[in-house]
1. Within the range 180-248, which GluC sites (Glu not before Pro) sit in a loop by DSSP and count at most 15 neighbouring Cβ atoms inside 10 Å?
2. Could I have the simple spin-label model distance between SER144 and ALA266, label points 7 Å from Cα toward Cβ, reported in nm to one decimal?
3. Summarise the long-distance tail of P(r) for the range 241-340 by giving the % of C-alpha pairs beyond 18 Å.
4. Report, to one decimal in Å, the Kirkwood hydrodynamic radius for the range 112-238 based on all distinct Cα pairs.
5. Please give the net charge around GLU280, taking every other residue with its beta carbon less than 14 angstrom from that of GLU280, where Lys and Arg add +1 and Asp and Glu add -1.
6. With a point put 7 Å past each Cα toward its Cβ, work out how far ARG340 is from ASN251 in nm, to one decimal.
7. Provide the net charge surrounding TYR303, with neighbours chosen by a C-beta distance below 11 Å and charges set as Lys +1, Arg +1, Asp -1, Glu -1.
8. Given a Förster distance of 30 angstrom, what is the FRET efficiency for ALA49 paired with ARG174, based on the Cβ-Cβ distance and rounded to 0.05?
Amino acid sequence: MTDRTGSGRPPKSLGPRARIAVVVSAALVLAGGATGYVLHAGARPAARAAAADASFTLAGPALYFRDPTTGRVAHRPLSGDADARVGAGPSCDRFYAAADTALCLRAEPGVLPKTYAIVLDRQLREVRRVTVPGVPNRARVSASGRMLSWTVFASGDSYATSAFSTRTAILDLRTGYLVTSMEQIPLTLDGARYHAPDVNYWGVTFARDDNRFYATVSSKGRTHLVEGNMGEWSARVLRENAECPSLSPDNTRIAFKKKVSDDPAAPWRLYVLDLKSMRETPLAETRSVDDQAAWLDDGTLAYALPGADGRASDIWTVPADGTGTPRLTTPNGSSPAALR
């Protein structure tokens, strides 16, 4: 499918909720820490590019996730036997799904690595593909399945260092408009328009109205949580030190990772922010989580951590109110997405 992109704000004939400014970004030369990822990805078996089996579809209630051993998407019941998993989904390096839409980010290694952002329907058949330079990092789909966002690393491969750059895109499936880079969105900080050449966006999460969104913005060594409006094409900073936001199903709270240490091996802790009171709550998970947590329901979060016994990663859950204890729910998994 041909990408529909443009520059500046969309035509005024579009409705206020459908107006999405489109910024075409220049091609990026990729280097630095991404090289290690590329070499590792290049050693993966060719089978990782497999499509989903015909019987593997989006159907809830279920937890969909990536199996790091095979590189393919799998699913299991949201509750019950964790071993009752089916692993016949498409090959993806990052994955997310909601309603009738899935987003699969697939790395294509090389001297200049690139990512395929592949849009899939309920039967997990490809309906659109966007090619972007960079290494896959974050993927999100709005609750309705209309709005999609992905982030790639342009250079470097860790948020624990300052030597990284990202590109974050937003795709509106209803209008077909693709925002290839969010960096030109007018940003307000402390009541004034903010300009800086080092602005980076990542980790978008959408509200139920498909217009409001939240994301991370970094500049001058600081990270910020921003609230954005697609129709007005604007964003404003809500608070500092919040990364990889994830909006709760009831749209009242945001899970995020907060930097609590300068130790590059364990810099973050998971928190939940109440959007009405702006009060934050540390969660019972005290290990450092470098993930955009996913809400299984209004009371439970899922996230990936490095796995035990040599596994690449495992999926854990923790209550969203700060009580309880973390629980290993899906060994050998990452990129959790709950279809309710």
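1. Details: sites: GLU183, GLU227, GLU232, GLU240, GLU243; in loops: GLU183, GLU232.
For GluC sites (Glu not before Pro) across the range 180-248 that sit outside H, G, I, E and B with at most 15 neighbouring Cβ atoms in 10 Å, the list reads GLU232.
2. Label at SER144, label at ALA266, 4.3 nm between them.
3. Working: 2092 of 4950 pairs.
In whole percent, the share of Cα-Cα pairs in the range 241-340 beyond 18 Å is 42.
4. Numbers: mean 1/r = 0.0660 Å⁻¹.
Hydrodynamic radius (Kirkwood, Cα only) of the range 112-238 equals 15.2 Å.
5. Numbers: positive: ARG239, ARG253, LYS257, LYS258, LYS259, ARG269, LYS276, ARG279; negative: GLU240, GLU243, ASP274, ASP321.
Charge balance near GLU280 sits at +4.
6. 1.4 nm
7. Working: positive: LYS257, ARG287; negative: GLU285, ASP290, ASP291, ASP314.
With Lys, Arg at +1 and Asp, Glu at -1, the net is -2.
8. Numbers: r = 29 Å, r/R0 = 0.97.
In this case the efficiency is close to 0.55.
We did not get these values from a lab; they are worked out from the coordinates using the rules stated. The structure displayed is predicted, hence computed values, not measured ones. No Cβ is skipped: glycine too gets one built from the backbone with ideal geometry, and neighbour counts run over all protein chains shown.
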